[in-house]
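Report on one structure; see the data block that follows.
The values are calculated or read from the model by the stated rules, or taken from the named source; none is laboratory data. Please read these numbers as outputs of a predicted model, since none were measured by experiment. Every residue, glycine as well, gets a Cβ built from its backbone with ideal geometry; the counts of neighbours run over all protein chains shown. These accessible areas exclude ligands, DNA and RNA; they are computed on the full protein's heavy atoms, side chains included. Shrake-Rupley method; radii C 1.70, N 1.55, O 1.52, S 1.80 Å.
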Amino acid sequence: MKTMDDTVRAHHFDARLSGTVCGYLLFDPDIKSIPWSGLAIEQNELDEILSLSKCINGCGQTDYRLTEQGIDVLLGATDSLKNLLKEQLSVIVKPPRKRAGKQTQDYIANSGISPMQKHDAHTLRLFDSIIEVLESTAIKEPNGDEERYVDYFIEFATKNRLAVRELLNGLLTGEFKPNENITHCFNNVGAVKEFCDETDKKDYVASLLTVQNNNVFMTDAFEKRHNSVLPFILTLLDFYYLNEKKYRALMFSAMGR
């Protein structure tokens, strides 16, 4: 007999599996099935998913269906990929800050509203253009020094997750401009300088940041090419069980100048 706890857990895993399918579709838009052995997932979690598979399949989604062998990717997944990515971006990037006197009214007015409805048309168009690039990016496998840099980039972005989120907020809502001092976003300017020095050595990635006189500034990379934010965006999107090799390849492919 299905319990309320089973339903809650099923919806929890449904969100994770939908994000996973999203990641695999970005890697291969023609993918039809994903074997359990191809996922980065702990055995105990997989066992729980399999035990709840009927309940998960009944969540109402049309993107995938669970089998004993893995995940069957359905036709509806391709159609909903853009919307799922847009929803994630709308949560990651907060709308521009309101004046203090309006905060309470804005909070009440926005309660229960979809995150996408809180953004202006300009930001939503940016989301659309970024997602279109993600969907059409040719996947390239990194090797050697490229692979080491991708891992270094992921490590830096993970350690500075809040700063990366603030960086994306500022850029995608138009609050941050070229040459703007954003030192306040980071706790360790020395680590940012090291990151910038490493990035400047690579000809396959544009640097959004620069350090001068122990201060962190925006470059004009985003103004010249909006796609320069893609690698940072990918570190905040949730692909859950996408395996490390495929995630690394997505990251490296997004770094193309």
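Under the rule a/c < 1.5 gives rounded, and otherwise a/b versus b/c splits prolate from oblate, where does the chain land using the Cα gyration tensor? Could you put the intermediate results ahead of the total?
Numbers: a/c = 2.04, a/b = 1.37, b/c = 1.49.
The shape class here is oblate.
Once you have the Cα-Cα distance between residue 238 and residue 33, take 0.36 nm times their residue separation minus that, and quote the gain in nm to one decimal. Walk me through the numbers on the way to the answer.
Working: separation 205, 0.36 × 205 = 73.80 nm, distance 1.95 nm.
Residue separation times 0.36 nm, minus the Cα-Cα distance, leaves 71.8 nm.
For the Cα atoms of the chain, what angle does the longest principal axis make with the long axis of helix 75-92, in degrees from 0 to 90, nearest 10?
40
Over the chain, with every protein chain in place, what whole percent of the accessible area is carbon and sulfur at 1.4 Å, could you tell me? Walk me through the numbers before you get to the answer.
Numbers: 6720 of 13780 Å².
With neighbouring chains kept in place, the figure for the chain is 49 percent.
In this model, which of 86/118; 201/246; 86/177; 94/246; 177/224 are farther than 18 Å apart at the alpha-carbon? Walk me through the intermediate numbers first.
Numbers: 86/118 13 Å; 201/246 24 Å; 86/177 23 Å; 94/246 28 Å; 177/224 12 Å.
Correct reply: 201/246; 86/177; 94/246.
Sticking with the crude label model, points 7 Å out along Cα→Cβ, report the distance from residue 72 to residue 121 in nm, one decimal please.
4.3
Using the basic label-point model (7 angstrom from Cα toward the beta carbon), what is the residue 151 to residue 50 distance in nanometres?
So the two model labels end up 3.1 nm from each other.
Can you work out the accessible area per residue across the chain, with the rest of the protein chains kept in place, probe 1.4 Å, in square angstrom? Kindly include the intermediate steps, with their values, before the conclusion.
Working: 13780 Å² over 257 residues.
Roughly 54 Å² per residue, with all protein chains present.
For residue 42 and residue 135, calculate 0.36 nm times their separation in residues minus their Cα-Cα distance, and state this gained length in nm to one decimal.
Working: separation 93, 0.36 × 93 = 33.48 nm, distance 2.83 nm.
30.7 nm is the gain from fully extending residue 42 to residue 135.
Among the GluC sites (Glu not before Pro) within segment 1-88, which fall in a DSSP loop and have no more than 15 other Cβ atoms within 10 Å of their own Cβ? Intermediate values should be presented prior to the final figure.
On the way: sites: 42, 45, 48, 68, 87; in loops: 42, 68.
Sparse-neighbourhood loop GluC sites (Glu not before Pro): 42, 68.
Could you tell me how many degrees, from 0 to 90 and to the nearest 10, lie between the Cα long axis of helix 121-136 and the main elongation axis, the longest principal axis, of the Cα atoms of the chain?
With rounding to tens, the tilt is 70 degrees.
Residue-wise, which Karplus ³J(HN,Hα) couplings in Hz belong to segment 138-151, taking 6.51 cos²θ - 1.76 cosθ + 1.60, θ = phi - 60°, and x for glycine or proline?
Here the 3J(HN,Hα) series is 6, 7, 10, 7, x, 8, x, 4, 4, 5, 5, 5, 4, 4 Hz.
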